[in-house]
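Note sheet for the following structure.
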Amino acid sequence: MTRSPLILAGDIGGTKTNLALYRYRDGGLEIETKRQYASGDHDDFTSVIDAFLDTSAIARIDAACFGIAGPVVGGVCKTTNLPWEIDTAALQAKLDTPRVRLLNDLEATAYGMLYLDDADFTDLNDGAGAAVGNRAVIAAGTGLGEAMLFSDGQHYRPVGSEGGHCDFAPADDLQQKLLSWLRGRHPDHVSTERVLSGPGVHTLYDFLKETEVAPEPAFMRELPAGEDRSAKISEGALLHGDALCRETLALFAAIYGAEAGNLALKTMATGGVYIGGGIAPKILPFLQQHFMDAFRAKGRFAPLLEAMPVRVSLNPETALDGAAHFAADHLLTLAE
């Protein structure tokens, strides 16, 4: 290629879809155009691509990579929280390039973590040692995503999973009551995502309200239909100091820490645990208070976890940039 290649990258979630066009120049990426779309307003991903291309004067796309909230099997993804099926072969035909890759959204997030600066992170574990080895990535948003960056000693390779849909494991008596309460509503399966996600915030709130941990505030009783309950709960905790809302976020942060510790053990994440997603930066004071105690509470393996760096990404474009960097590193060199 004699001209600077163009890369189309996407971060496709249940709530919103971000697409961006990057120019690969001098070994780096420069963003040229970015758009955000409400995922629920579109019947399929193709219509989102069409909307983006209609607003961009693009002569040729050289490579494309999309991080998608759902499992990618055989180059095809049936999205978890949307009625979409996204197919690599169809996108190759539409974009007129064989250099197309679908990643699980947490694979893209994990890869993007490799390109963030220290200023993009807040550290939760001040006692961490040197970070060498595999890295774990966990992100609560519309759903719960989990992935790892496998280290071969020289490079990191992103490995996706659907770990957020594994069984919720209660860590104390209150969480045991929560599990019993959830089984009454979801008798077939109670996943960690049921409580560790955007919808999970108001699920925890409803549980604590029914157990009469604290009285419900008037602003929640009078909340208009269609309002984002989870966002209002966070506001109630952070801005108004409401007791029920604060207990909700404290429980959320403890469950987050426990699950991150589980993932760290499963991936042997001596290189660190990285927290992405849109929720963590918004509730950072509660993570700073309640996350690490639950993270470390692994019995004989507590010392191993105490030595792991735990970092919160403050960059909302991590998954999008990760998809673009993956395309630059792994797709531009492919032969036509």
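The values are calculated or read from the model by the stated rules, or taken from the named source; none is laboratory data. Note that the structure is predicted; figures quoted are calculated from it, not measured. Ideal geometry is used to build each Cβ from the backbone, glycine not excepted, and the neighbour counts take in all protein chains shown. Accessible surface is based on the protein model in full, side chains and every heavy atom, while ligands, DNA and RNA are left aside. Shrake-Rupley method; radii C 1.70, N 1.55, O 1.52, S 1.80 Å.
Out of all the residues in the stretch 136-158, which are open to solvent by 40 Å² or more (accessible area, probe 1.4 Å) and touching a helix residue (DSSP H, G or I) at 6+ places or on another chain (Cβ under 7 Å)?
T142
Is one or more of the residues making up the stretch 209-223 of a type outside the set (S, T, N, Q), touching a strand residue (DSSP E or B) at 6+ places or on another chain (Cβ under 6 Å) and modelled with pLDDT of 95 or more?
Within the stretch 209-223, not a single residue is of a type outside the set (S, T, N, Q), touching a strand residue (DSSP E or B) at 6+ places or on another chain (Cβ under 6 Å) and modelled with pLDDT of 95 or more.
Can you work out which of the residues in the stretch 203-236 that are outside any loop (DSSP other than H, G, I, E, B) and among the acidic types (D, E) is most open to solvent (accessible area, probe 1.4 Å)?
My answer is E210.
Which of the helices (runs of 4 or more DSSP H) contained wholly in the stretch 32-129 include at least 2 residues that are open to solvent by less than 60 Å² (accessible area, probe 1.4 Å), closer than 30 Å to A264 by Cα and of a type in the set (A, V, I, L, M, F, W, C)?
Because the criterion is at least 2 residues that are open to solvent by less than 60 Å² (accessible area, probe 1.4 Å), closer than 30 Å to A264 by Cα and of a type in the set (A, V, I, L, M, F, W, C), the helices (runs of 4 or more DSSP H) in the stretch 32-129 that meet it are 105-113.
Quick one: what pairs do we get from the stretch 301-314, first residue under 10 Å from A269 (Cα atoms), second basic (K, R) and not in a helix (DSSP H, G or I), C-beta under 7 Å, 6+ apart or different chains?
Qualifying pairs under 7 Å: L305/K298.
Of the conditions (1) out of contact with any strand residue (DSSP E or B) (no Cβ under 9 Å at 6 or more places or on another chain); (2) more than 15 Å from D11 (Cα to Cα), G143 fails just one. Which one is it?
Looking at each condition in turn, G143 falls short on (2).
Only residues that are closer than 21 Å to I138 by Cβ, of a type in the set (D, E, K, R) and open to solvent by 50 Å² or more (accessible area, probe 1.4 Å): list them for the stretch 165-197, please.
Result: D167, D172, R194.
Those residues that are under 29 Å from L239 (Cβ atoms) and surrounded by fewer than 22 Cβ atoms within 10 Å (Cβ to Cβ), I need them from the stretch 293-336; list them, please.
Hits for the stretch 293-336 are D293, A294, V312, L314, N315, P316, E317.
Any chance you could count how many residues in the stretch 282-300 are without any contact (Cβ under 8 Å) to a residue 40 or more places away in the chain and either closer than 23 Å to G67 by Cβ or of a type in the set (S, T, N, Q) (or both)?
Looking only at that region, the number is 1.
Hey, can you tell me all the residues within the stretch 257-293 that are within 11 Å of V312 (Cβ to Cβ) and either among the small types (G, A, S) or touching a strand residue (DSSP E or B) at 6+ places or on another chain (Cβ under 6 Å) (or both)?
Passing the criteria: A260, V273, Y274, I275, G276, G277, I279, A280.
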